[in-house]
Amino acid sequence: MGKLYNEEKVLYFANQAQGLHVSDREASDTDLSNIVRHLLGNRLIEKVAADDSGDYFKTTLAGERRLLELQIKWRTSRNKDVTEHRARLAELED
């Protein structure tokens, strides 16, 4: 079976209001756990909370920028409008 997660998907979920939840039962060698470790190491996400079910992560400013860059690349390759994404990216870079 292929990967269930990629960098863009993890950043997308972490950028939502509720953040990304990673269960404490998540194995340490899955694509999700590897991507989360990578994003944490690059300061693109941060741990914002934890409870008895796992940890919660949110994007940092750099993480939101990276997400927008990935979304623009994907949407451009499929001839989809990127006006809103570019506008938000410009806001973040000011």
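The values are calculated or read from the model by the stated rules, or taken from the named source; none is laboratory data. Just so you know, these numbers come straight off a predicted model, no measurement behind them. Cβ coordinates were reconstructed from backbone atoms using ideal geometry, including for glycine residues, and neighbour counts include every protein chain displayed.
Return the residues of region 70-94 that are part of a helix (DSSP H, G or I) and acidic (Asp, Glu); say none if nothing qualifies.
Hits for region 70-94 are Glu84, Glu91, Glu93.
Given the structure, is Leu67 assigned to a helix (DSSP H, G or I), touching a Ser or Thr at 6+ places or on another chain (Cβ under 8 Å) and modelled with pLDDT of 95 or more?
yes
For region 23-57, name all the residues that are over 15 Å from Leu11 (Cα atoms) and of a type in the set (Lys, Arg).
Listed by number, the list holds a single entry, Arg25.
Would you please name the residue that is surrounded by the most Cβ atoms within 10 Å (Cβ to Cβ), looking only at residues in region 65-94 that are over 18 Å from Ala17 (Cβ atoms) and touching a residue at least 24 places away in the same chain (Cβ under 8 Å)?
Per the stated criteria, the residue is Arg66.
Just to be sure before I move on: is Asp52 modelled with pLDDT under 95 and either touching a His at 6+ places or on another chain (Cβ under 6 Å) or on the phi < 0 side of the Ramachandran plot (or both) in the structure I sent?
Here the answer is no, as Asp52 does not meet what is asked.
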